[in-house]
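Beneath this line is the structure, given in structure tokens, with notes to follow.
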Amino acid sequence: MKSRAKSSGYSPWKPAFGLALLTLLAGCGEDHLQTYPQTTFAPASDFARELDWLFKYTLVLGVLVGLFVFGLLGYIMWRFRYQPGNPEPEQVHGNARLELLWTFIPALILAAIAVPTVRSIFNTQREAPANALIVEVRGYQWWWEFRYAVNGGRDTVVTANEVHVAVGTPVQLRMTSGDVLHSFWVPQMGGKRDVIPNKVNTINFTPEEPGVYLGQCAEFCGDSHALMKMRLVAHEGDGFQRWLQNESEPAPAPRDSAVMLGKQLVTKGACAGCHTLRYGAAKDSATLGRTGPNLTHFGRRRTLAAGILENNAENLSKWLKNPPEVKPGALMPNLNLKDEEIRYIVAYLQTLQ
Amino acid sequence: MSIVNAADHAANPAHLDTSTGLDNRKMAFWTFIGSECLLFGSLIATYLAYKGRSLVGPLPHAGRTLTGQQAEGILDIPLTSLSTFVLLMSSLGMVLALAAVQRADRKGAITWLFATAGLGLVFLGFQAYEFNHFYHAGLTLQTNLFGSTFFLLTGFHGAHVLVGVIYLGTLGMLAVKNQLGPERSMSVEIAGLYWHFVDVIWIVIFALVYLIK
Amino acid sequence: MASTATVAAPHAPAAAPHTETGVWSWITTVDHKRIGILYFFSSIFYFLVGGIEALFIRTQLIVPENNFISADLYNQMFTQHALTMIFLALMPLTAAFFNYIVPLQIGARDVAFPRLNALSYWVYFFGGLMLLFAAVTKMAPNVGWFAYAPITERQYNPGPNVDFYVLGLQIVGLSSILAGINFIVTILNMRAPGMRLMRMPIFTWMVLITQVLIVTAMAVFTIAITQLMFDRMFGTTFFDPARGGDPLVWQHLFWMFGHPEVYILIIPIFGMISEVIPTFSRKPLFGYNVMVFASVLIGWLGWGVWSHHMFAVGLGPIADAFFALSTMLIAIPTGIKIFNWIGTMWGGSIRFTTSMLFAVAFIAMFTLGGISGVMHSVAPSDLQQTDTYFVVAHIHYVFFGGTVLGLFAGIYFWFPKLFGRLMDEKLGKIHWVGTMVGMNLAFFPMHYLGMYGQPRRTFTYPGDLGWNWMNLMSTLGAYLLALVTGVFVWNVIRSARKGAIAGDNPWGAATLEWSIPSPPPVYNFREIPIVHSRMPLWEEDASKEPGIPHGKVAEDVNAITVGGTQVGEMEYPDAESKMSAHDLGIHLPPPSYWPIILAFGILLVFGSLIFRNLDGALHNLWYLSVAGVLLVAVSIFKWAFEPGH
């Protein structure tokens, strides 16, 4: 009866715990990132590395404590099980020395966790260095806006759902929300930080590896919370400067008639009520809309609809056909565009390189 | 506990002695007051957290809004000091009412119970006047953070005073009907606990909302 | 009990004759045992409802990009799952035991305020119906149980969903506060002669601490949801960022309630486990005093850690450090408790009844939840874990591995006292094995999901992020849990009517509730016992009393663990316990219908507000509110002057 209890009840977690350690130890290679592209176990910034170390450190201590408790429990269950003819157990009411012991030992273990914790808390929330790239982040239901100051702060580059940074340059994200709560999270760049209206929150990190990193909103924000994703692109060399230079250019002018028709639909039609495109100098915008993503260099983005679809003609048509179907609750309504109109708009948007 | 107590119980089976010696209802009331402290505490905390963060006026005391506009101060401290005094006096009335009930002084009980309730009503009258005045001066629940926090806090307190007035009025009616002898003085004592608590809370509110700039 | 003193009256006053059976007798009952049973079945019902909601969630997530339910319905389901489980299933299930067991443990005939007790139940009953109504009409709250502002404001959430949250929880919270006051007074004031505080059964102690937390924490929450209600119904500005409102004020208020709430759900379980483990180890609780003080400390520290739910909101390094350290501090008394339970088992003679198996499983699973809890207190690395499935795993190891397993231990343990019959041990062990496999299958993979980047509260996920098989495992685990919960419910229903007769004390336990027949007569104790020790049925003088085991169970009782039918001494209630309270001259308060009427009035007051702004059109049912207020006022007066109370 005793052994049955042991084997049946404790089978699920013991291998699972072993598995946990194995996966963790094996979890840092390229394969791991291939299988789990949004993992926290492939840190690619100083911030993420610090958190990763701290997590594994606590995990090891935790696993040791867990194994000790489980081992003790298992031993006791076997050693002190009822057997017919057992003598009446000695009626012990407690033992002050033992109880002191298991007050102090956990306290020591916790102190061993507390010291690096507090150190990291202050470490990760330091002021950004003077040369840091500052990116303003705004969360909206359900997409991200990123702003960069260019030309010595006289102009602003506005883009959406794709934040670009340079490897080796410290970054400070200054984040606030245009509606409800969101949370900025690109696991490989480090921990998340909530994006809150009436409050500017910051995260500082220095990207260490070039690449395109997945991220998504981590604070529940309504219907399409699950679909509020983003990409973080870390450029090598002068890649970032070239990108920024291109972004600060006005939207390219149309070169053929279909594209021309598309431009007219975008700028004269319903789109303009919400979306901005920049035609002249970075300062004056041709359209007024500010409730949707800035489309000036839309064609260069990798994804659309906040990182949920690859940016290609097919997906773009699907999105324009009926946005709320792709993204429940999307503020962009079904504009009842004709197939023809969609074709023109797609053609135009794809030229916005 | 001993056999002696058990014998007492036998004489009065409905009322077992309590383990602590404190009457059940009284202890329940103390617990209730503990809970009330956190209710008021949360309201006051919200008020303080939002102090000085209104975007538009009117403000409690003349000053600037968060957006930098100059705004009028709206609180009338002398007037509210008077209503605070009225409420404080009512606590005295409550003490006298309890003493009267305990010494079986029916007339005194009636007088002081109704006097206390009456002073409570006067306080509510002041509050109604104040709310009405604020409303006409452009401060409503919806105006700004000050309006929301102020009306909810003081309104919640006013509701407590109203319940107290009804409570004391009911006890007064019992006294009129000659049903409030010394054997029921516990009911009056509990009403008194409630009334004094409502008073003390008002002093905290008065100090934090009206006096501190 | 070497000596007992009678406190019965020589003659009974003219109490109204009791209606002993029928629906009306249950509606008007003020007997703590019947109210306990009402709580018991209501909360089991809601446990199933909450489980079905969980199955909706898990079925939606069984494969990537699933279209089983819509995003909005998914959001309603995860919100409602939490609300149902916390407020309508687990808290009331602990309340069932507070009601039934605490007065018996302290040797009382009822709680201090029997009608208030009935009121608490009926207020909970109507509040539960309201939330259930919202769920079946697809108008349930859809913003998470934490309902972070400002998504709860009218402009982001025009429907009635959040109104149901605000008003439903207002009602349920009122019920908890009333019950809390009642139990604090009951425990402090209604103890049998000689039961000093440090002689109280440990379960009673834990209930006392829990109730103190309830009357304080619930008050904070009441104000938070009142402010939200005013924002939504009367246009105030508390949480509206456009008018300066600060979403963090809501978060602080919510977690000042929300964190003690976690202890409200776990401390009673500490108590249950601390009764079960000594009983089946045949040893007294190891370090009773320390256990009590550790729990008081946990309850106290529980008020100083709320911001560890908010490490990601940017409170600054000093606040983060403070809350990280205070949270770690809580692990110390919790660790003490775990080791004291282990110390209780050490050197014992452990019998693995289903109840004991669940208790041991509780220690193991709660330890896991505790370890991941400490990992969350490490504020920087919590930034990777918070709002991911890692936290979902953590809370389920605490609430399911902790609260639910502990409650199962408590149910198998006290069921014989409630119904006079034992639960079937064979079914019980199937239930236990299935629960252990199911819960670990359902919740363990979630640790990985979180670390591999899946945020919580997401209604869908793409298939190329490596989350598929872990979500599948988790869903299968949930199905298994559903299946074995069916076995459990069947066991309850069947055993309540056909189980083996339990006798007074089937487990040879030590506390007073086991000294009287099962189920106890309406007056509980014919004579109020005099208490000389912490474990009245185990201590020296108790052995002189025939029929009460002295730290030992009759050998044949052991048969039940093998699933046999022959159990214990087949003790049938004697003729005397069939005598009514009236025959014995014991005064009990008469039944009253004012509690349910008053509760209904409260429902009217709050319920009518829901329909203020439904479907865009103004269905303002203000006259229902007025009717409700009048009904409440009349009921209170009738209540105050009801004869016989």
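Read-outs throughout are calculated quantities, based only on the coordinates presented, and are distinct from any laboratory measurement. Predicted model only: the values in this text are computed from it and were never measured. Cβ placement follows ideal geometry from the backbone for every residue including glycine, while neighbour counts extend to all protein chains displayed.
Could you compute the net charge surrounding A:Glu314? Neighbours are other residues with a C-beta less than 12 Å from the C-beta of A:Glu314; K and R count +1, D and E count -1.
Numbers: positive: A:Lys318, A:Lys321, A:Arg343; negative: A:Glu310.
Result for the local shell: +2.
At 1.002 mPa s and 20 °C, plugging the Kirkwood radius over alpha-carbon pairs of chain C into Stokes-Einstein gives what diffusion coefficient in µm²/s?
84 µm²/s
Would you calculate the separation in nanometres between label points at A:Leu64 and C:Phe611, each defined as 7 Å from the Cα along the Cα-to-beta-carbon direction?
Placing both labels 7 Å along Cα→Cβ, they lie 6.4 nm apart.
Could you pull out the pairs from C:Lys138/C:Lys337; B:Lys26/B:Lys213; A:Lys199/B:Lys213; A:Lys199/A:Lys268; C:Lys337/C:Lys417; A:Lys268/A:Lys327 whose alpha carbons sit more than 32 Å apart here?
Values: C:Lys138/C:Lys337 43 Å; B:Lys26/B:Lys213 38 Å; A:Lys199/B:Lys213 25 Å; A:Lys199/A:Lys268 35 Å; C:Lys337/C:Lys417 27 Å; A:Lys268/A:Lys327 25 Å.
Going by Cα-Cα distance, C:Lys138/C:Lys337; B:Lys26/B:Lys213; A:Lys199/A:Lys268 fall outside the 32 Å limit.
Using the alpha-carbon centroid of each, what span in Å lies between the range C:27-53 and the range B:132-189?
Cα centres, the range C:27-53 to the range B:132-189: 36 Å.
Going highest first, how would you order B:129-138, C:76-85, A:102-111 by mean Cβ packing within 10 Å?
Listed from highest to lowest mean packing, they are C:76-85, A:102-111, B:129-138.
What angle do you read, to the nearest 10 degrees and between 0 and 90, between the alpha-carbon axis of helix A:46-79 and the longest principal axis of chain A?
30 degrees
Test of understanding: what is the full-extension gain from A:Gln353 to A:Asp31, defined as 0.36 nm times their sequence separation minus their Cα-Cα distance?
Working: separation 322, 0.36 × 322 = 115.92 nm, distance 3.32 nm.
Working it through step by step, the gained length comes to 112.6 nm.
If you plug each phi of the range B:125-138 into the Karplus form 6.51 cos²θ - 1.76 cosθ + 1.60 with θ = phi - 60°, what whole-Hz ³J(HN,Hα) values come out, in order, with x for Gly and Pro?
x, 4, 5, 4, 4, 4, 4, 4, 4, 4, 4, 6, 7, x
For the protein assembly as shown, with the dipole built from +1 on Lys and Arg beta-carbon atoms and -1 on Asp and Glu ones, taken about the Cα centre, which of A:Leu181, B:Leu87, B:Leu39 lies farthest toward the positive end?
A:Leu181
Rank by packing, highest mean first: peptides C:233-245, A:123-135, with packing defined as the count of other Cβ atoms within 10 Å averaged across residues.
Per-residue Cβ counts within 10 Å, averaged per peptide and sorted highest first, yield C:233-245, A:123-135.
How would you classify the protein assembly as shown from its alpha-carbon gyration tensor, with a ≥ b ≥ c the square roots of the eigenvalues: rounded for a/c under 1.5, else prolate if a/b is greater than b/c, otherwise oblate?
In terms of gyration-tensor shape, oblate.
At 7 Å along Cα-to-Cβ for each site, give me the label-to-label distance between A:Ala149 and B:Ala49 in nm.
Reported label-point gap for A:Ala149 and B:Ala49 is 3.2 nm.
Within the range C:130-230, which trypsin sites (Lys or Arg not before Pro) sit in a loop by DSSP and count at most 16 neighbouring Cβ atoms inside 10 Å?
In loop regions of the range C:130-230 (DSSP not H, G, I, E or B), the sparsely surrounded trypsin sites (Lys or Arg not before Pro) are C:Lys138, C:Arg154, C:Arg196.
Rounded, prolate or oblate: which fits the range A:257-351 when a ≥ b ≥ c are the square roots of the eigenvalues of the alpha-carbon gyration tensor, with rounded for a/c under 1.5 and prolate only if a/b beats b/c? Don't skip to the end; give the middle numbers.
Values: a/c = 1.42, a/b = 1.27, b/c = 1.12.
Rounded shape, in that the Cα axes give a/c under 1.5.
What is the angle, in °, between the Cα long axis of helix A:257-268 and the longest principal axis of the Cα atoms in chain A? Nearest 10 is fine, range 0 to 90.
Taking Cα atoms only, the helix is inclined about 70 degrees.
For B:Thr20, what is the net charge nearby, where nearby means another residue's Cβ is under 14 Å from its Cβ and Lys, Arg count +1, Asp, Glu -1?
+2
Return a whole-number percent for the relative contact order of chain A, with Cα pairs under 8 Å and 6 or more residues apart as the contact set.
15 percent
Modelling each spin label as a point 7 Å along the Cα-to-Cβ direction, I'd like the C:Lys638/C:Phe234 distance in nm, to one decimal.
About 2.9 nm separates the two model spin labels.
Evaluate E = 1/(1 + (r/R0)^6) for B:Arg103 and B:Ile33, where r is the Cβ-Cβ distance and R0 equals 22 Å; express this FRET efficiency to the nearest 0.05.
Computed FRET efficiency for B:Arg103 and B:Ile33 comes out at 0.25.
Which order do the peptides C:351-363, A:41-53 come out in when sorted by mean C-beta neighbours inside 10 angstrom, highest first?
Highest-to-lowest ranking by the protection proxy: C:351-363, A:41-53.
So what's the back-of-envelope 222 nm ellipticity for chain A, counting only DSSP H runs of four-plus at -39500 (n - 2.57) apiece and dividing by all residues, rounded to 500?
On the way: 10 runs with 140 residues, N = 353.
After summing the helix terms and dividing by residue count, I get -13000 deg cm²/dmol.
Give me the percent relative contact order of chain B, please, defined on Cα pairs under 8 angstrom at least 6 residues apart.
Dividing the mean separation by the residue count of chain B yields 24 percent.
With a sphere of radius 14 Å drawn around the Cβ of B:His133, what net charge do the other residues whose Cβ falls strictly inside it have (Lys, Arg +1; Asp, Glu -1)?
On the way: positive: none; negative: B:Glu72, B:Asp76, B:Glu130.
Taking every other residue near B:His133 into account, the sum is -3.
Give me the angle, in degrees from 0 to 90, between the Cα long axis of helix A:239-248 and the longest principal axis of the Cα atoms of chain A, rounded to the nearest 10.
40 degrees
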